[in-house]
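Below is one structure; the comments refer to it alone.
The values are calculated or read from the model by the stated rules, or taken from the named source; none is laboratory data. In this text, all values refer to a predicted model and were calculated from it rather than measured experimentally. Positions of Cβ are backbone-derived with ideal geometry, glycine not excepted, and every protein chain shown enters the neighbour counts.
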Amino acid sequence: MAASRTLSTFRLPPLPTIREIIKLFRLQAAKQLSQNFLLDLKLTDKIVRKAGNLTNAYVYEVGPGPGGITRSILNANVAELLVVEKDSRFIPGLQMLSDAAPGKLRIVHGDVLTFKIERAFPGSLKRRWEDDPPNVHVIGNLPFNVSTPLIIKWLENVSCRGGPFVYGRTQMMLTFQKEVAERLTANTGSKQRSRLSVMAQYLCSVQHILTIPGQAFVPKPEVDVGVVHFTPLVQPRIEQPFKLVEKVVQNAFQFRRKYCYRGLGMLFPEVQRVESTGKLLELADVDPTLRPSQLSVSHFKSLCDVYRKMCDEDPHLFAYNFREELKQNKSKTQEKDDQERHRL
């Protein structure tokens, strides 16, 4: 636990550089884990500054790796920093930082996708959802292979006020491939508009804060990296269960180059598809010839509200999955073909 809660300024003592830590512990970025190290402390300081005033804050850092951003967070005079690192190779280097910042840094060797943050910080930090965000922050240079599933998980947490959001409208500052960062913040009608755009923007205020060139990382990724800031909204822009919104949005973007009625039609069984899709679009007042990228969050709000009513009227509808129906149809066709061959 944090030993110091005062406003006195804390600075880390002189330490080996991140490059020296990498050499000392013979660390190499694991390609299969999409790891890339950020070694420039001026850049890590900049990322942390963009997260806001962290004085006496409680910070949850995901994927600290060799500890570049970790150092910058500790130097921001936080009350406590909790890091969760899956790769055991990084634990000794992080322990060195912990020794240099007594009582400030807590290290958990675990998987961020399964780690329970709900009881990690004092309950006194909790704020009502309607209040200003709590003095709790999530910061992370995410491995590319977990960034999308992790943000979807956290967005679901926002919707049910679980995970990091048991403390209130916890703010997050996270890195993504630049393309993913652009999708998260894309406006209606832009080429980057996607499922991620809608899922993030109906629950949060999302800002693409800065872009870091790939050459700042070791090893250099093939893409640049975007830093994105999330602040949960007091009132979600769509007030329906997360899984229902996710299903409508996913289906709408199934065929992103076609008119929206094509993907939205996949919400309904084949026998009623044309009629039900027409009803959905008419009641939601959505033009069937709009492309998915042209649908605003307001469009999706109307679509989700109408789809919810249709599900309430037909209890089997929400469980319907068009891929399952396709599989069953293929299986029936195969069975018929086999029977025909046997007759011959």
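Values as computed for the structure displayed
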| quantity | calculated |
| --- | --- |
| Filter result (touching a helix residue (DSSP H, G or I) at 6+ places or on another chain (Cβ under 8 Å) and not in a strand (DSSP E or B)) within the range 204-218 | ALA216 |
| Odd one out for ASN56 among (1) buried (at least 17 other Cβ atoms within 10 Å of the Cβ); (2) modelled with pLDDT of 95 or more | (1) |
| Tally, over the range 66-97, of residues that are under 25 Å from TYR167 (Cβ atoms) and either within 21 Å of the chain's Cα centre (by Cα) or not charged (D, E, K, R) (or both) | 19 |
| Pair list, Cβ < 9 Å and 6+ apart or interchain, from the range 274-289 residues that are farther than 18 Å from ARG256 by Cβ to residues that are among the charged types (D, E, K, R) and crowded, with 18+ Cβ neighbours inside 10 Å | ALA284/LYS301 |
| Residue within the range 319-339 that is under 21 Å from VAL198 (Cβ atoms), at pLDDT 95 or above and among the hydrophobic types (A, V, I, L, M, F, W, C) present | no |
| Pairs with Cβ under 9 Å, 6+ apart, first in the range 70-84 and not assigned by the TED database to the domain that holds LYS50, second of a type in the set (A, V, I, L, M) and surrounded by fewer than 23 Cβ atoms within 10 Å (Cβ to Cβ) | none |
| Options VAL227, VAL223: the member that is in the same structural domain as GLU130 (by the TED database), surrounded by fewer than 22 Cβ atoms within 10 Å (Cβ to Cβ) and β-branched (Val, Ile, Thr) | VAL223 |
| Check on VAL78, in a strand (DSSP E or B) and at pLDDT 95 or above | no |
| Those residues of the range 140-183 which are closer than 21 Å to GLN250 by Cβ and of a type in the set (S, T, N, Q), in sequence order | ASN145, SER147, THR148, ASN157, SER159, GLN177 |
